[in-house]
Amino acid sequence: MNEHLIAIIDDQADIRHAACLLLESRGYTAKAYASGEEFLNDVNSSQRQPDCILTDLMVSDADGNTILETLRAFAPTPIVVLTGNPHALPRRAVDDHIYAILRKPASPEVIIRSIESALAAG
């Protein structure tokens, strides 16, 4: 069992649920958020920061630019983007500690490999 906390930000409940189940089945601690605001409120009041962030770019309360600007404050926490629209990714994304850009639906193996690579690099 590892000690890594993975934050999941996605406004689709089924994606959040599936990602939590996948990560927990691999020994990670997963915490899911329906919005960027929910994530920020929890993280700002928490003693423990995530070791990696798995996020969609387009959630109900923010677009890709807003999400990445907000997450920039958590640098160097590695980010894995899981999105239905990879073209929405801002060009400066490489500077924002994004270790992988995955297109929905991504296979469980690809998601796990991407998170493991991000954690190893971070």
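Filter the range 74-89 down to residues that are of a type in the set (Val, Ile, Thr) and closer than 13 Å to ASP56 by Cβ and give me whichever is modelled with the lowest pLDDT.
The residue in question is THR83.
Within the range 56-73, is there a residue that is at pLDDT 80 or above and surrounded by 21 or more Cβ atoms within 10 Å (Cβ to Cβ)?
Within the range 56-73, one or more residues are at pLDDT 80 or above and surrounded by 21 or more Cβ atoms within 10 Å (Cβ to Cβ).
Being at pLDDT below 90, under 17 Å from VAL81 (Cβ atoms) and in contact with a helix residue (DSSP H, G or I) (Cβ under 9 Å, 6 or more places away or on another chain) is the requirement here; does ALA18 meet it?
Judged against the criteria, ALA18 is not a match.
Inspect the range 18-40 for any residue being basic (Lys, Arg) and more than 21 Å from SER114 (Cα to Cα) and give the result as yes or no.
No, the range 18-40 has no match at all.
What are the pairs, 6+ residues apart or on separate chains, where a residue within the range 17-40 that is on the phi < 0 side of the Ramachandran plot and exposed (fewer than 15 other Cβ atoms within 10 Å of the Cβ) has its Cβ under 7 Å from a residue that is at pLDDT 90 or above and part of a strand (DSSP E or B)?
What qualifies is GLU24/ALA30.
Within the range 1-16, track down each residue that is in contact with a strand residue (DSSP E or B) (Cβ under 7 Å, 6 or more places away or on another chain) and in contact (Cβ under 8 Å) with a residue 40 or more places away in the chain.
Correct list: HIS4, LEU5, ILE6, ALA7, ILE8, ILE9, ASP10, ASP11.
Of everything in the range 22-54 that's modelled with pLDDT of 90 or more and of a type in the set (Val, Ile, Thr), which residue is farthest from ILE98 (Cα to Cα)?
THR29
From the residues in the range 90-122 that are touching a Phe, Trp or Tyr at 6+ places or on another chain (Cβ under 8 Å), hydrophobic (A, V, I, L, M, F, W, C) and within 16 Å of LEU23 (Cα to Cα), which one is modelled with the highest pLDDT?
It comes out as ILE115.
The values are calculated or read from the model by the stated rules, or taken from the named source; none is laboratory data. Source: prediction; values computed, not measured. FYI the Cβ positions are ideal-geometry reconstructions off the backbone, even for glycines, and counts take in every protein chain you see.
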